[in-house]
Amino acid sequence: MSSASISASAAPVRIRLSRDDMVLRTALVVIIALLAVAVVFPLYSLLSMSLQDMDGEYVGLENFRIYFDTPALFASITNSLSVAISATLIVLGIAFVYAYALTRTRMPLRWFFRGVALIPILAPSLLAAISLIYWFGNQGVLKSWLGGGSIYGPVGIIIGSCFWVFPHALMILLTALSTADARLYEAAEALRTPKWRVFWTVTLPGAKYGILSAGFVVFTLVITDFGVPKVIGGRYNVLATDVYKQVVGQQNFEMGAVVSLVLLLPALVAFIADRWVQRKQVALLSARAVPYQPKSEPLRDGLRFIFCTIVAVTLLAMIAMAAYASFVTFWPYNLTLSLKNYNFDVMDGGGWEAYFNSIRMAIYCAIFGTGLIFVGGYLVEKARGVSWLRTLLHLAAMLPLAVPGLVLGIAYIFFFNHPDNPLGFLYGTMGILVICTIVHFYTVSHLTCLTALKQLDPEFEAVSLSLKTPVWRTVGKVTLPVCLPALLDVGSYLFLNAMTTVSAVVFLYSPETMLASVAVLNMDDAGDIAPAAAMAMMIVYTSAVFRILHALLARILQRRTQVWRKR
């Protein structure tokens, strides 16, 4: 065959390659632009607002000077740090022992304890605070247990925060403790090493990166949480509630921007530290490693079982009290059970429309968010060339993880509500709530998609190219089926977080787009604590039903599309 005929036959491949690359590079630019509009520009607007006075004039760092010279505002920094550090230490201790019991013992009912520990994920953070009011509040069942103390303040914030962040720490620690090389423990046993020394020299070093990562995650969640301190904090001010008071209570947007930036700093430091820790982590299992199988030890297993039982009962008691209180006619004078508190249409919380708005928003986030995030992950992992664009997209996708929801929400006010912004029509609509929620939870979903895409050998794209197959057909026939389990997990993650989030949307809703989680907050502000508990439980019921449906759908699709995974 002549060289001319070879060039002629290769021409369609070059054209196809150029066309596919053009499509992928255009998509890269589009998604980078979307993330810039949804993250970078709002944060820039937030920074600009903090440097202006009420008339919009540039005043430099004057607002920061006023903030640090105001004792009541400055005290919120130390309050937030003390509460976050205390909750982090408590949760790490409890979650580590709980995870150790699930992975390193043979105690019974491990599956039950694992399921119970994940229940707080289904509830908004406000539910824990509401439940604590019924347990230990001024008319609480166990108020006498506190002696002369009060649940309103740092004690309540710490306990409520521990409840809702516990599963987040547990999942990280379960992963850290589930990877262990049995040969290390066999060698220690052969050398007759005391068990306490094996724990300090083998178990803890192997899990140290997971412990540190869990600590940074818990610290960030607690210090940026708005729901728990708002409901049960009383007069104990923290940074998150200061932002709310400055913006909603006093309409002081400039000082609200200052407090938001102060709140951003510890979250940013924790994020950078967590990234550094993950880079230091090395593989704990080699190709010759032997999976660790714990042996049965009745005394050890019995003690761990008692500990896990206490923790599980505590978690269930928090949920059970909120559920019970939602059916009580008038606490504590008329304990007759009724559906009075579920008549949301006569309450100051947006009615049943708020609940259905939350479901709509969660569905939109799950569908559109999963699609957008998967495309972004695909472009980062599979696009050919333009490595600087792919790196830029990955950095933009990682940025939301360092931005607390409350800070993101107030940044959206300044950006989308600006009179010169052509996107201002989105403000107060369902669209801005969906955008903010997707962006707020973008990073974890992005990393999940990347993990799934990394499982695909690049040879798939090379073979499809040699067969002159368009990139969209390869994605539909190979990439999507392989990544389907991860996509279902991303959709579930976005749906559940959209149902339970408060901080990211508390500044952005309108009367027509009131959400269930915000309705809980508004009803609590109005003194309707029982209806607030009822709405919070509706979120729990909905999230639980969704998880069941998700599990059933995942099983059905796994049988039909994932048969190739079975040997």
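Taken together, the values in this text are just the output of simple stated rules run on the coordinates, not laboratory data. Predicted model, so just to flag it, every value in this text is computed and none were measured. Positions of Cβ are backbone-derived with ideal geometry, glycine not excepted, and every protein chain shown enters the neighbour counts.
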(message) Exceeding 28 Å between C-alpha atoms, which entries from my cross-link table qualify? They are Lys143/Lys208; Lys230/Lys340; Lys208/Lys230.
(response) Lys143/Lys208; Lys208/Lys230
(message) Defining a contact as two alpha carbons under 8 Å apart and six or more residues distant in sequence, what relative contact order in percent does the range 24-122 show?
(response) 9 percent
(message) As an exercise, use a Förster radius of 25 Å and the Cβ-Cβ distance of Ser48 and Leu395 to find the FRET efficiency, rounded to the nearest 0.05.
(response) 0.70
(message) Need one number: nm distance between label points at Phe368 and Leu61, each 7 Å from Cα along Cα→Cβ, rounded to one decimal.
(response) 4.0 nm
(message) Can you tell me the length gained on complete extension of the stretch Asp525 to Ser296, counting 0.36 nm per residue apart and subtracting the Cα distance?
(response) 77.3 nm
(request) Would you mind calculating the relative contact order of the chain from Cα pairs under 8 angstrom and at least 6 residues apart, reporting the percent as a whole number? (result) 22 percent
(request) Could you work out the local net charge near Glu353, counting Lys and Arg as +1, Asp and Glu as -1, over the other residues with Cβ closer than 15 Å to its Cβ? (result) -2
(request) Using the Cα centre as the reference, give the magnitude of the dipole from point charges on the C-beta atoms of the chain (Lys, Arg: +1; Asp, Glu: -1; all else neutral), rounded to the nearest 20 debye. (result) 3040 debye
(request) Take each complete run of DSSP H in the chain, measure how far its Cα atoms stretch along the helix's own axis, and keep only those covering 20 Å or more with mean Kyte-Doolittle hydropathy at least -1.0; list them. (result) 3-35, 71-104, 154-178, 204-224, 253-280, 298-327, 351-364, 480-500, 529-561
(message) For the range 78-146 and the range 312-365, what is the centre-to-centre distance using only Cα atoms, to the nearest Å?
(response) 21 Å
(message) I'd like to compare 490-502, 207-219, 543-555, 133-145: which one has the highest average count of other Cβ atoms within 10 Å, and what's the full order after that?
(response) 490-502, 207-219, 133-145, 543-555
(message) Under the rule a/c < 1.5 gives rounded, and otherwise a/b versus b/c splits prolate from oblate, where does the range 11-115 land using the Cα gyration tensor?
(response) oblate
(request) Just round it to a whole percent: the fraction of Cα-Cα distances in the chain exceeding 44 Å. (result) 23 percent
(message) Starting from the 7 Å offset along Cα-to-Cβ, what nm value, one decimal, do you get for the label separation of Met22 and Trp145?
(response) 6.9 nm
(message) Between Ile85 and Thr429, what is 0.36 nm times their sequence separation minus the Cα-Cα distance? Round to one decimal in nm.
(response) 120.1 nm
(request) Mind ranking 436-449, 333-346, 352-365 by how tightly packed they are, going by the mean number of other C-beta atoms within 10 angstrom, highest first? (result) 436-449, 352-365, 333-346
(request) Go ahead and estimate [θ] at 222 nm for the chain from helices alone: -39,500 (n - 2.57) per DSSP H run with n ≥ 4, summed, over the residue count, rounded to 500. (result) -22500 deg cm²/dmol
(request) Give the residues of the range 55-96 whose amide nitrogen is closer than 19 Å to a point set 7 Å from the Cα of Ile272 in the direction of its Cβ. (result) 81
(request) At 0.36 nm per residue, minus the direct Cα-Cα distance, what do Arg473 and Asn421 gain on full extension? Give it in nm, one decimal, please. (result) 14.9 nm
(request) Please give the FRET efficiency for Asp69 paired with Trp111, using the beta carbon to beta carbon distance and R0 = 41 Å, rounded to the nearest 0.05. (result) 0.15
(request) Work out the charge dipole of the chain with +1 on the Cβ of Lys and Arg and -1 on the Cβ of Asp and Glu about the Cα centre, then indicate which of Ala366, Ile157, Tyr244 is farthest towards its positive end. (result) Ala366
(request) State the three equivalent ellipsoid semi-axes of the range 499-553, derived from the C-alpha gyration tensor as the square roots of 5 times its eigenvalues, in descending order and whole Å. (result) 23, 15, 8
(request) Report the calculated FRET efficiency for Val248 and Arg559 (r = Cβ-Cβ distance, R0 = 35 Å), to the nearest 0.05. (result) 0.10
(message) For Gln52, what residues show an amide H to amide H distance below 5 Å, using hydrogens built from the backbone and excluding near sequence neighbours?
(response) Val59
(request) Within the set of other residues whose C-beta is less than 15 Å from the C-beta of Asn138, count the net charge using Lys and Arg as +1 and Asp and Glu as -1. (result) +1
